[in-house]
Amino acid sequence: MIYLLIIIVVLLCMSALASGSESAFFSLSPTEKEALRQDESNSAKIALELLDDPKEILATLLITNNFVNIGIVIISTALLDDFYPNTDTNPTVRFLIEVVGITLTILLFGEVVPKIYSTKNALFMARTMAQPINFLRRLPPISWLKWLLVNGTKIIQKRARKHGVNISSDELEQAIALTKEDHTSEEEQKILEGIIRFGSTECCQIMSSRLDIVALKETQSFTDVLKVIRENGYSRVPVYRDSVDNVIGILYIKDLLPHLDKSDDFEWNTLLRKPMFVPENKKIDDLLKDFQVMKMHMAIVVDEYGGASGIITLDDILEEIVGDITDEYDGEDVVYTKIDDHTYLFEGRTSLVDFYKVLDIDEKEFEAMKGESETLGGFIVENAGRILRNNEFISVGKIKLVVDSSDKRRVKLVKAIVLKED
């Protein structure tokens, strides 16, 4: 009996070491892995070798742990038969001892405690257990079972890839919200959400409309061109012939640098580069790839009739993931006035995307109601069926949109009122 008790204790220690090693190897931080690389000891080298194939580590430890735990259960049952024989008068007590007692012992001392310790001392445990694990993974029958487990997993993964899993962007966004950890900052959370929405965002949703872009006419004098460039500070400017719908090229300001001392009759339009045109409904992830391949930073967005709707830049695309990118020439991207905690005043040309960000609201209700419009003023006109007069309004959920100023052509100012919950 003493021998059996000693064997159970030894097996329990082995279970603890296997469970602890699993937690240690899979919780090593980048800093701790770098410490292993700088360590010239044999244990550190073996640990790094094991980390190169995490499936082998996991398979070896799982197989070892299962063998050990089965051994504990079998020996504990044999020992219990001597101490407390199974009779018809004590089936419940016997069941509690066998199932609850042995299970709790294995769970507490073979799983929970060693895993907590190893997570906090991952580097020490990885160094200590590297050589024993390396020995176990080569030891039959563990090595045979490990080979079957690893290769069987690969077959299952290949079949799973063929079938695929269809997950919508909304489901992914919900998953990220549910798995948010305390140490994840709000900025990191927004970047993850931006990545999810990235593939479904169209050019027309983030472009600068033709009313907001700075463009040069082909016939402007060199002096006027330099004046426009100084006033606006852009590095690339579209150039058009007759109207903004007919963009003929892009002027790169760096191409003008060697010619700054030229006279007013300098033919600056000979420096134009070929423009890139994209449709309004082109997805921005596809456009980003095109930008990379063509080494471009700007594209002209055209509507179904071939007219210019606006421009989209590399900065616009990146801002969808990392947030606003500003330089010394940037002013306020979104012009609005906060009247009080529930009332805001926007320009009618404010994009709906910017409107959502300022009010920090769920865009689903707006997106369900909008058709082709991308601005706040356009949204109101589209849903009202006409250009509303001053003080007329529409309501979308808990948002009341009141026209503050308009004329016969467009809605100029919109007052957004966030209605209080009843």
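Sort the stretch 88-137 into rounded, prolate or oblate with this rule: let a ≥ b ≥ c be the square roots of the eigenvalues of the Cα gyration tensor; rounded if a/c is under 1.5, and if a/c is not under 1.5, prolate when a/b is larger than b/c, oblate otherwise.
Cα axes put the stretch 88-137 in the oblate bin.
Quick check: Cα centre of the stretch 1-59 to Cα centre of the stretch 199-240, how many Å?
Between the Cα centres of the stretch 1-59 and the stretch 199-240 lies a distance of 61 Å.
Tell me which lysines have Cα within less than 27 Å of LYS55's Cα, excluding those fewer than 8 residues away on the same chain?
Partners found: LYS33, LYS45, LYS115, LYS120, LYS146, LYS154, LYS158, LYS162, LYS180.
With r defined as the distance between the Cβ atoms of ALA368 and HIS342 and R0 fixed at 35 Å, what FRET efficiency is calculated, to the nearest 0.05?
0.90
7 Å from Cα along Cα→Cβ at both LYS289 and ASP255: what's the point-to-point distance in nm?
2.8 nm
How large is ³J(HN,Hα) for each residue in the stretch 346-362, as worked out from phi by the Karplus curve 6.51 cos²θ - 1.76 cosθ + 1.60 (θ = phi - 60°), to whole Hz, x for Gly and Pro?
Karplus values, whole Hz, x for Gly and Pro: 10, 6, x, 7, 4, 5, 4, 4, 5, 4, 4, 5, 5, 7, 6, 10, 6.
With charges only on Cβ, +1 for K and R and -1 for D and E, what is the dipole size of the stretch 203-322 about its Cα centre, in debye, rounded to 20?
Values: 14 positive and 21 negative charges, 65 e Å.
Computed about the Cα centre, the dipole is about 320 debye.
For LYS282, which sequence-distant residues (separation of 5 or more, or a different chain) have an amide H within less than 5 Å of its own amide H, given hydrogens modelled in the peptide plane?
Correct list: CYS203, CYS204.
If packing is taken as the mean number of other Cβ atoms within 10 Å per residue, what is the order of 382-392, 60-70, highest first? List each step's numbers first, then the result.
On the way: 382-392: 13.5, 60-70: 20.0.
Ranked from most to least packed, the peptides come out as 60-70, 382-392.
Express in nm, to one decimal, how much length is gained between GLU319 and VAL10 on full extension, taking 0.36 nm for each residue of separation and deducting their alpha carbon distance. Could you put the intermediate results ahead of the total?
Values: separation 309, 0.36 × 309 = 111.24 nm, distance 5.79 nm.
Additional length available on full extension: 105.4 nm.
I'd like the FRET efficiency for SER243 and LYS158, computed as 1/(1 + (r/R0)^6) with the beta carbon distance as r and R0 of 45 Å, rounded to 0.05.
Values: r = 57 Å, r/R0 = 1.26.
Once the sixth-power term is evaluated, E becomes 0.20.
For a quick size check, give me the Cα extents of the stretch 336-418 along its three principal axes, largest first, whole Å.
31, 27, 18
Any of LYS338/LYS408; LYS282/LYS412; LYS357/LYS398 with alpha carbons more than 18 Å apart? Name them for me.
Those over the limit are LYS338/LYS408; LYS282/LYS412.
Could you work out the Rg to Rh ratio of the stretch 226-377, with Rh taken as the Kirkwood radius (inverse of the mean 1/r over all Cα pairs)?
Rounded to two decimals, Rg/Rh equals 1.01.
Please give me, ordered by residue number, the GluC sites (Glu not before Pro) of the stretch 4-80 that lie in loop per DSSP and have at most 11 other Cβ atoms within 10 Å.
GLU40
Mind listing the phi-derived Karplus ³J(HN,Hα) values for the stretch 136-141, rounded to whole Hz, using 6.51, -1.76 and 1.60 with θ = phi - 60°, and x for any glycine or proline?
These are the phi-based 3J(HN,Hα) values: 5, 6, 9, 8, x, x Hz.
How large are Rg and Dmax for the stretch 2-163 when only the alpha carbon atoms are used, in Å?
Expressed in Å, the Cα Rg and Dmax of the stretch 2-163 come to 18.8, 64.
Please list 3J(HN,Hα) in residue order for the stretch 53-59, calculated via the Karplus relation 6.51 cos²θ - 1.76 cosθ + 1.60 where θ = phi - 60°; whole Hz, with x for glycine and proline.
Coupling constants for the stretch 53-59: 9, x, 5, 5, 4, 4, 4 Hz.
No value in this document is a laboratory result; all are computed from the given coordinates. Here the structure is a predicted model, which is why all the values come from computation and not from measurement. As a convention, Cβ positions derive from the backbone with ideal geometry for all residues, glycine included, and neighbour counts pool all protein chains shown.
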